[in-house]
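The values are calculated or read from the model by the stated rules, or taken from the named source; none is laboratory data. The structure presented is a predicted model; accordingly, all values stated were derived computationally and were not measured. No Cβ is skipped: glycine too gets one built from the backbone with ideal geometry, and neighbour counts run over all protein chains shown. For the accessible areas, the whole protein counts, side chains as well, though only heavy atoms, and no ligand, DNA or RNA atoms are used. Shrake-Rupley method; radii C 1.70, N 1.55, O 1.52, S 1.80 Å.
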Amino acid sequence: MSRIGRMPVAIPAGVTVTIAEGNEVTVKGPKGTLVRALPKEMEIKLEDGHVVVSRPNDLKRMKSLHGLTRTLIHNMVVGVSEGYSKTLEINGVGYRAQKTGKKLTLTLGYSHPVEMEDPADIETKVDGNKIIVSGISKEKVGQYAAEIREKRKPEPYKGKGIKYADEVIRRKVGKTGKK
């Protein structure tokens, strides 16, 4: 059995989970609603305040979908109850971020400012040299944070660029002059 797939997903107070035909799971909570169509092969049941996922057989595909399905449901439940956030840091002289309405403007040493529009359901905050991306969908928060980071990846010599707050940049030693 899949160790992760076997574990039941606890449903906290204030969160409702409904399972429609074709394994379409709807999770409603204080922060919003998430809907996702999950693999039809999996058997998803509600049992006394828990969501239980089981697989029909032990084929390799079923084993891999088992843990995935349970994790996706768990991420939806956590998203509508607590939400997700990722923090990015901007390092570099003259590198900065500004927020006006739903538009994020990044000055990253290019000849032009980089402007990004916040996607629906995602909110960004600028706090000094930090950008905080938050929302209810773990997938969308991670994707938008990755898109922001992609605008200027951290480089290994001086560490300039946009990096995740918990990311460690492996530094390299620069060139040394001839003697």
Nearest-10 value in Å² for the accessible area of Lys140, using the 1.4 Å probe: 100
Top of Ala145, Ala120, Ala165 by mean-square fluctuation, Gaussian network on the chain, Cα under 10 Å: Ala120
Solvent-free Debye scattering, log10 I(q)/I(0), computed from the Cα coordinates of the chain at q = 0.08, 0.14 Å⁻¹: -0.38, -0.84
Computed accessible area, Arg171, all protein chains, 1.4 angstrom probe, square angstrom: 140
Förster radius 22 Å - calculated FRET efficiency between Lys151 and Ile4, Cβ distance, rounded to 0.05: 0.05
Heavy-atom accessible surface of the stretch 82-125: percent carbon and sulfur, 1.4 Å: 47
Pairwise centroid distance, computed over Cα atoms, of the stretch 124-179 with the stretch 21-81, Å: 32
FRET efficiency estimate (nearest 0.05) - Cβ-Cβ, Thr71 to Glu115, R0 41 angstrom: 0.75
Where labels lie 7 Å past Cα in the beta-carbon direction, separation of Ser54 and Gln143 in nm: 3.3
Mean separation of Cα contacts under 8 Å, 6 or more apart, over the residue count of the stretch 26-179: relative contact order %: 20
Estimated FRET transfer efficiency (Ser85, Thr105; beta-carbon r; R0 25 Å; 0.05): 0.75
